[in-house]
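K.L.:
Okay, handing you the structure first.
None of the figures in this text is laboratory data; all of them are computed from the coordinates on show. This is a predicted model, so every value here is computed, not measured. We place every Cβ from the backbone using ideal geometry, glycine too, and count neighbours over all the protein chains shown.
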Amino acid sequence: MNLHFETARLLLRPRTLEHFQACLGMDQDPEVTRFIPGTWDGGQWHRDFLQGRMTQDFGPRCGYWAIFAKDAPDELLGWVSFIPFDAVGPELEMGWRLVRRAWGRGFASEAARRIVEHAFADPAVQRIVADAHVDNEASLAVARKVGFRFTHNADFEGLPCRFFAMTREDFCQQRPAG
């Protein structure tokens, strides 16, 4: 995947091993990973998981993008993803994670919205999903702001989550005509 994107304020670049240390550090902030299953302590499981996600081929048009502000293009703000659900599919899932200093500034929504546009540029993509822990108000707000619709509550890896979906029709209705 060699797709780079821009938004009004952000640069989205394919996430690579070059971003490993910054992502590892982000994950070790207990507030950042508070609602995410896993052991985010920099140990072997964490390192293996992160390296696997950074080197896996998720298929055409899919992957992870590192997020940078245009005014600070070398400072990782986080990532946004468009991959098969839980990395195995068959549904396609959006995800996002940001460093704490980037919270509350609309970066996650801006980056996710651009990747949603990228996803639906492929005529084969008819639906994408997203999920977040029921208490993760910030991620739930991002999903709604980007245009995902709540579908159901369910457990994911033993944690209570809210699940969302966006169809091609939903996406087309959100876009201004012209």
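K.L.:
Under a no-solvent Debye model with one identical scatterer per Cα of the stretch 26-81, what's log10 I(q)/I(0) at q = 0.14, 0.23 Å⁻¹?
P.N.:
Debye curve over Cα of the stretch 26-81, log10 I(q)/I(0) at q = 0.14, 0.23 Å⁻¹: -0.48, -1.08.
K.L.:
Going highest first, how would you order 97-104, 86-93, 128-135 by mean Cβ packing within 10 Å?
P.N.:
Top to bottom by mean Cβ count within 10 Å: 128-135, 97-104, 86-93.
K.L.:
Return the label of the correct value of Cα extents along the principal axes in Å, as calculated from the structure shown, out of (i) 46, 40, 37; (ii) 50, 31, 26; (iii) 47, 38, 31.
P.N.:
Computing Cα extents along the principal axes in Å and matching it to (i) 46, 40, 37; (ii) 50, 31, 26; (iii) 47, 38, 31 gives (iii).
K.L.:
Another question about this same structure. For CYS172 and GLU31, compute 0.36 nm times the residue count separating them, minus their Cα-Cα distance, and round to one decimal in nm.
P.N.:
Extra length available between CYS172 and GLU31 comes to 47.3 nm.
K.L.:
Please give me the summed charge of the neighbours of PHE5: other residues whose Cβ is under 10 Å from its Cβ, Lys and Arg +1, Asp and Glu -1.
P.N.:
Net of charged neighbours comes to 0.
K.L.:
Pull up the DSSP beta bridges for the chain and report the antiparallel fraction as a percent, rounded to 5.
P.N.:
Here the share of antiparallel DSSP bridges comes out near 95 percent.
K.L.:
Take the Cβ-Cβ distance between GLN126 and HIS4 as r, set R0 to 25 Å, and report the resulting FRET efficiency rounded to the nearest 0.05.
P.N.:
For GLN126 and HIS4, the calculated efficiency is 0.45.
K.L.:
Still on this structure: Just to be sure I understand the model, the point goes 7 Å from the Cα along the line to the Cβ. What's the resulting ARG149 to GLN44 distance in nm?
P.N.:
4.7
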